[in-house]
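In what follows, a single structure is set out as structure tokens and then discussed.
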Amino acid sequence: MPPDRVLSQEEIDSVFRNLREGAEDDDPARKAQPYDFRRPDRIGKDQLRAIHLLHENFARTLASSLSAYLRAYAVVNLVSVEQLSFMEFSQCLPSPSCMISLSMRPYDGNAILEINPALVFPIIEMLLGGGGKSSAKISRGVTEIEQSILEGLYRIVLHDLRAAWQQVCVLDFKIEDFETEPQLLKVMAPNEAVVAISMEVRIGENAGMMNLGIPSIVVKMLRQKFDQQWSVRRTQAGEEEHSRVFRLLKTSSMKLEARLRGATLTVEDLLQLEPGQVLTFDHGLDKPIDCLINGRLKFHGHIVNAGRKRAFHIQNFHGVDA
């Protein structure tokens, strides 16, 4: 552009407009993530992943326990772990259903355990001596008599749940109340966040969902314990790896040699040696001999007799007294 050219007003406005747009793009406020102060109990994705791993172990253990208790092949698969409001969680549950309010001592608050009717009634039939293969779908709540029949099932589920959480901290899950309608659950505020854990349970030909809702505020309080648990696990993994490497090395072979260090000799003198001449090693009888392993000095000691063989008696490690 020639230096004597005069910019028009439209070109001047365009320059300033581009400068303003560039400044807005660099504004850090545009990169900020929204934070809902009404939901301070939300937990991070890393902790959700830790809870996911924890309940994968719980699912495997529960599958074995249910197979032994019901004498039928059981499979438990973890489907999802996500954060929902308590209202969203309760709306996802079928109605009617089998729901249990659980205390979580020593922490305040209640967790919710829900087992679908598609799973509950076949289990009741199996516990009463049937095969649990009835094709009839029952859409009603569980009676008090049926609740008492299911006490053994609840005991197994809660035992395995306590054992799974014991890796992080001791949580004493205990039954406090039963309910059949999700809308009647009043253990948490509607907008309170919960960690919703969904598992699919297959027993024989029957399949259904089992859902667990844990208050996010309780999980958030355990964040430090989660961090400690993973650091301990990493340490244990390191120790296990060292043991594995040591087991592999125990059967390997090494070259062991004892060397008597003395005076040096030139090649010229070596070539002039004749039979009958004596070489002075300049090494006292009481002076230790070096023991090398694969060419590296490791021990000091003496040559001794072991029956009809020669042996090396270790006096000390290289640089360390025995």
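Where a number appears in this text, it was derived from the coordinates with a stated rule and is not lab data. Keep in mind that this is a model prediction, so the values were computed, not measured. Virtual Cβ from ideal backbone geometry, glycine too; neighbours counted across all protein chains shown.
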Within the range 79-171, list the trypsin sites (Lys or Arg not before Pro) lying in a DSSP loop whose Cβ has at most 12 other Cβ atoms in a 10 Å radius. LYS133, LYS137, ARG140
Note to self: C-alpha centroids of the range 241-272 and the range 111-182 sit apart, in Å, by 68 Å
Relative packing of 279-289, 213-223, which averages over residues the other C-beta atoms within 10 Å, highest first: 213-223, 279-289
Only loop residues by DSSP count here, and only those with at most 12 other Cβ atoms within 10 Å; note down the chymotrypsin sites (Phe, Trp or Tyr not before Pro) in the range 58-130 that meet that. TYR73
If r is the Cβ-Cβ distance from THR251 to VAL278 and R0 is 56 Å, what FRET efficiency results, to the nearest 0.05? 0.80
Neighbour-count ranking [beta-carbon atoms within 10 angstrom, fewest first] of VAL75, VAL170: VAL170, VAL75
Taking 7 Å along the Cα-to-C-beta vector as the label spot, tell me the LEU184-ARG223 distance in nanometres, rounded to one decimal. 3.8 nm
Fewest-first ranking of THR143, THR264, using other Cβ atoms within 10 Å as the exposure measure: THR264, THR143
Mind ranking 291-300, 241-250 by how tightly packed they are, going by the mean number of other C-beta atoms within 10 angstrom, highest first? 291-300, 241-250
